[in-house]
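To keep things clear, I will list the structure first and then write my remarks on it.
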Amino acid sequence: MRFKKGNRWKGSKGELRYKTWRRNVFQLNKGRYGLGKNYVCVKCNKKRKTTRVLHAHHIYSWNKFPKLRYEKKNGVVMCIKCHNGFHRKYKFNALNEPNLLVEYLKGNQLVKNFIKEN
């Protein structure tokens, strides 16, 4: 992943925190769904050995919920197709309503439980 000038994390400390968060989300996903071998899209169950075609998506939005920004449970792994499909379907409503992700993932229990906790 390349960090271009002008990205929202601005500076090496934010970049490091973001990279750490992303790595933690992927490791959590690998342990839960991939049985320690693969990373798995939570929507379509596409399995991959690398993170190249997978995205780490925030359950609670980056901008609206800064306290949850780097919480590793505030992330799910989706393939590029599912991630783009989610944002195409819900647009800006997804920023304020994390329950839309539960709807899109057809009631994923881990996401539901995280939303109930917060």
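Figures for the structure shown
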item: Isolated Cys residues of the chain, judged by Cβ distance under 4.7 Å to other cysteines; result: Cys44, Cys82
item: Stokes-Einstein D in µm²/s, Kirkwood radius over Cα pairs - the chain at 20 °C with 1.002 mPa s viscosity; result: 146
item: Full-stretch length increase - Gln27, Lys81 - with 0.36 nm per residue and alpha-carbon distance subtracted; result: 17.4 nm
item: Separation of the Glu117 and Arg17 label points, Cα + 7 Å toward Cβ, nm; result: 1.9
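Where a number appears in this text, it was derived from the coordinates with a stated rule and is not lab data. Note that this is a predicted model, so its numbers are computed, not measured. Quick reminder, even Gly has a Cβ in these numbers, built from the backbone with ideal geometry, and neighbours come from all protein chains shown.
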